[in-house]
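Note sheet for the following structure.
Where a number appears in this text, it was derived from the coordinates with a stated rule and is not lab data. Just so we're clear, the structure is a prediction, and the values are computed from it rather than from any experiment. Positions of Cβ are backbone-derived with ideal geometry, glycine not excepted, and every protein chain shown enters the neighbour counts.
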Amino acid sequence: MQSSKNDFLARRISEFLTPPFILIVVVSILLTTIFGPISDKVLWWIILVIGPAVLPVSFVVWLFKKGRVTGMHLPIRQERTVPYLFTLLCITVTILLLKATEAPAILMVLMLAYWVNAFFLLVINLSWKISAHAVGVACPLVVLSWKLGILALPLFVLVPVVAWSRWQLRAHTFAEVFIGSVAGLVLTYIQLVYVLPMWGD
C-alpha cells in the first residue's frame, strides 16, 4: 500500500515538475529581474518558451503518436537520441534569436548551459541512460540562484525531489539520477563562472 502511494506521488511529481515546466517558470522569474522595455521581455519570453520547451515537447508528442517512441518520458535509451538532437537544434536556433535581439547575457548563458547539458546527455546516452529530468531541473535553478542569491536556495529542494520521483518510478537507478543532478549543477555553474563574464554581465 505504501509503495502504491509513493508511486502515485512520484508519478505526479515526474509529470508536473518536468524540465520544460521548470524552464518556463525560471525564465519568467529571470525576466522580472531584467531592466528594459516590456516588449523586449515578452519577445525573449516567447523565444525561450517556444524554442527549448514547446518545440521539443511537441516533437516527442509527435513521435509518441506515430509510435516511434514507447512513452512521453522516453523510457528506452535508444529512443532518446533523435529527441536530443532535435532539442540541440532548437536550442541553437534559440541562441541565435537571442543574440539577434540583443538579449541579456544571463539569458544567453542559460541557453548555452542548456545546449551543453543537452550535448552531454546525447553523448552519455550512447552507452548509459542518465536522468534528463534531473539535469533539466538542476540547470535553470543554478542560473536563477546566480541572479537571486539565497532567495533561490529553497527551490533546490526540487532537485532531490525530482530525482527521487524518477528513482521511485524505476525509470532510473540511483546512480543515474545522482549523476544527472550533479551534472546539471556542476556544468551550469562552470558556464556561469567562466562564460557569463565574457558577455560583461
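Search segment 141-151 for residues being in contact (Cβ under 8 Å) with a residue 12 or more places away in the chain and not β-branched (V, I, T), and hand back the single one that is surrounded by the fewest Cβ atoms within 10 Å (Cβ to Cβ).
Let us first name the residues in segment 141-151 that are in contact (Cβ under 8 Å) with a residue 12 or more places away in the chain, namely 141-144, 146-148.
Okay, now just the ones that are also not β-branched (V, I, T), so 141, 144, 146-148.
Details: L141: 22, L144: 24, W146: 19, K147: 18, L148: 14.
Filtering segment 141-151 for residues that are in contact (Cβ under 8 Å) with a residue 12 or more places away in the chain and not β-branched (V, I, T), the one surrounded by the fewest Cβ atoms within 10 Å (Cβ to Cβ) comes out as L148.
The conditions are (1) more than 27 Å from R11 (Cα to Cα); (2) touching a Phe, Trp or Tyr at 6+ places or on another chain (Cβ under 9 Å); (3) not in a loop (DSSP other than H, G, I, E, B); (4) not β-branched (V, I, T), and A103 fails exactly one of them. Which is it?
Failed condition: (3).
Pick from L89, L55: which is of a type outside the set (V, I, T), within 22 Å of A113 (Cβ to Cβ) and touching a residue at least 12 places away in the same chain (Cβ under 8 Å)? Let's see the steps before the verdict.
Numbers: L89 fails: touching a residue at least 12 places away in the same chain (Cβ under 8 Å).
On inspection, the qualifying residue turns out to be L55.
When you go through (1) in a loop (DSSP other than H, G, I, E, B); (2) surrounded by fewer than 19 Cβ atoms within 10 Å (Cβ to Cβ) one by one for I130, which number turns out not to apply?
(2)
Out of everything in segment 173-194 that is assigned to a helix (DSSP H, G or I) and hydroxyl-bearing (S, T, Y), what residue ends up being surrounded by the most Cβ atoms within 10 Å (Cβ to Cβ)?
Taking segment 173-194 and keeping what is assigned to a helix (DSSP H, G or I), we get 174-194.
Those left that are additionally hydroxyl-bearing (S, T, Y): 181, 188-189, 194.
Details: S181: 23, T188: 26, Y189: 17, Y194: 10.
Here the residue is T188.
Got a number for residues in segment 64-88 being surrounded by 14 or more Cβ atoms within 10 Å (Cβ to Cβ) and over 22 Å from S127 (Cβ atoms)?
Total satisfying the criteria: 1.
Residue check, V93 against (1) over 30 Å from R11 (Cα atoms); (2) under 15 Å from the mean Cα position of the chain (by Cα), all met but one. Which one?
Here V93 clears every test but (2).
What number of residues within segment 139-161 are touching a helix residue (DSSP H, G or I) at 6+ places or on another chain (Cβ under 8 Å), under 25 Å from I106 (Cα atoms) and β-branched (V, I, T)?
Summing the residues that are touching a helix residue (DSSP H, G or I) at 6+ places or on another chain (Cβ under 8 Å), under 25 Å from I106 (Cα atoms) and β-branched (V, I, T) in segment 139-161 gives 3.
Collect the residues in segment 152-172 that are over 11 Å from A134 (Cβ atoms) and either under 17 Å from the mean Cα position of the chain (by Cα) or surrounded by fewer than 15 Cβ atoms within 10 Å (Cβ to Cβ) (or both), keeping them in residue-number order. First the steps, then the outcome.
Going through segment 152-172, the residues over 11 Å from A134 (Cβ atoms) turn out to be 152-157, 168-170.
Hits for segment 152-172 are A152, L153, P154, L155, F156, V157, R170.
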